[in-house]
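Engineer: Quick one: this structure, given as structure tokens, is what I'll be asking you about.
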Amino acid sequence: MTRTTAASEHRASRRRRVAGGRPMQVQVKFTEAEYQGVAVRAVAAGLTVPGYLALAGLRPEGVEASDIKAALINMRGVRRVLAGAANNLNQLTHKAHGTGEFDAALPVLMDALERITARVDGVVEDIAGLMGGGRR
């Protein structure tokens, strides 16, 4: 993996913009082997190398990198499940508009959406706990 590959593959994973920008800049030098090790970890976390280094450096005391990785994986999983349920709801809505009848699967989907909402709330609490410097 080259430096440009690691950075360009994950441009969408940039940190949010802040008012006034981030005027402080740090230059870090690595050997090729060190860079490859950091780049692999950044890609695994779904981040750019600079984003990974910034988050690692800004991580609250007492929060392990594995906790953050687990929270990111859980968040991505919940997002996929929520996207699938939203797609199913759109399909059932389309069918209801076309036929004027509700599909028998609608109550089951609504129950699933309640469970997914609880999972989303749990993930948000986990991330809030990590941001505060401790485990949930």
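Engineer: For the Cα atoms of the chain, what angle does the longest principal axis make with the long axis of helix 65-99, in degrees from 0 to 90, nearest 10?
Structural biologist: Approximately 30 degrees, to the nearest ten.
Engineer: Could you tell me how many degrees, from 0 to 90 and to the nearest 10, lie between the Cα long axis of helix 105-131 and the main elongation axis, the longest principal axis, of the Cα atoms of the chain?
Structural biologist: Here the helix axis deviates by roughly 20 degrees.
Engineer: Please report, in Å, the Rg and the Dmax of the chain, where both are computed over Cα atoms only.
Structural biologist: That works out to 20.2, 65 Å for Rg and Dmax.
Engineer: Now for a different question. Express the accessible area of the chain per residue in Å², computed with a 1.4 Å probe while the remaining protein chains stay in the model.
Structural biologist: 74 Å²
Engineer: Calculate the FRET efficiency for ASN87 and MET131 from the Cβ-Cβ distance with a Förster distance of 35 Å, rounded to the nearest 0.05.
Structural biologist: 0.70
Engineer: Can you give the helix-only mean residue ellipticity at 222 nm for the chain, where every DSSP H stretch with n ≥ 4 adds -39500 (n - 2.57) and the sum goes over all residues, rounded to the nearest 500 deg cm²/dmol?
Structural biologist: Values: 5 runs with 93 residues, N = 136.
Calculated from helices alone, the mean residue ellipticity at 222 nm is -23500 deg cm²/dmol.
Engineer: Quick one: helix 32-45 against the long Cα principal axis of the chain, what's the angle to the nearest 10°, folded into 0 to 90?
Structural biologist: Around 20 degrees separate the two axes.
Engineer: Report, by chain and number, residues whose modeled amide H sits under 5 Å from the one on THR48, excluding near sequence neighbours (fewer than 5 apart, same chain).
Structural biologist: Distant-sequence amide H within range of THR48: zero hits.
Engineer: For the pair PHE102/ARG59, report the inter-label distance in nm, with labels modelled 7 Å from Cα in the Cβ direction.
Structural biologist: In this crude label model, PHE102 to ARG59 measures out at 4.7 nm.
Engineer: Sticking with the crude label model, points 7 Å out along Cα→Cβ, report the distance from VAL28 to ARG16 in nm, one decimal please.
Structural biologist: 2.3 nm
Engineer: Also: What does the convex hull of the Cα atoms come to per residue for the range 67-136, in Å³?
Structural biologist: Dividing the Cα hull volume of the range 67-136 by its residues yields 68 Å³.
The values are calculated or read from the model by the stated rules, or taken from the named source; none is laboratory data. These numbers were taken from a predicted model, which means no experiment stands behind them. Here Cβ is always computed from backbone atoms with ideal geometry, including for glycine, and neighbour counts include all displayed protein chains. All accessible areas refer to the heavy atoms of the entire protein, side chains included, with ligands and DNA or RNA removed. Shrake-Rupley method; radii C 1.70, N 1.55, O 1.52, S 1.80 Å.
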